[in-house]
Amino acid sequence: MTLAGGLRLAAVGVLLGWAAALALAKVLASMLYATSERDPIVFAAVPATLLAAAALASLAPALRAARVDPVVALRTE
């Protein structure tokens, strides 16, 4: 549940950023070097890298949450 929550938030951010990058491709073209403004490799690699980083960042809290005994967690509330 913790991992899914982190990945869901990252996926929404990646989708919004991807849509903004597509919409602003002409403006961003002046900042690009050796790539076209709608290079499919870049538009696939960057979101994949960001999602992988989000998965790694969400993994530590998810593993820590999985180690907690449910009975102990319910007693503390």
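Any read-out appearing in this document is the output of simple, stated calculations on the displayed coordinates, not a laboratory observation. None of the values given here were measured: they were computed from a predicted structure. Please note: Cβ atoms are built from the backbone with ideal geometry, for glycine as well, and neighbour counts cover all protein chains shown.
Taking the Cα centre of the chain as origin, work out the dipole magnitude from +1 charges on Lys and Arg Cβ and -1 charges on Asp and Glu Cβ, in debye rounded to 20.
Details: 6 positive and 4 negative charges, 21 e Å.
Charge dipole of the chain: 100 debye, to the nearest 20.
Name the residue, out of A66, A48, A34, whose mean-square fluctuation peaks in a Gaussian network model built on the chain with Cα pairs under 10 Å.
A34
Report the rotationally averaged projected area of the chain based on its alpha-carbon convex hull, in square nanometres. All intermediate terms of the calculation are to be shown ahead of the outcome.
Values: hull surface 25.9 nm².
Averaged projected area of the chain's Cα convex hull equals 6.5 nm².
Explain nothing, just compute: Karplus ³J(HN,Hα) = 6.51 cos²θ - 1.76 cosθ + 1.60, θ = phi - 60°, for every residue of region 39-55 in order, whole Hz, x for Gly and Pro.
For region 39-55, the Karplus curve yields 5, x, 5, 5, 5, 9, 6, 5, x, 5, 5, 5, 5, 5, 5, 5, 5 Hz.
Rounded to whole Hz and in sequence order, give me ³J(HN,Hα) for region 5-12 from the Karplus expression 6.51 cos²θ - 1.76 cosθ + 1.60, θ = phi - 60°, writing x for Gly and Pro.
x, x, 5, 5, 5, 5, 5, 5
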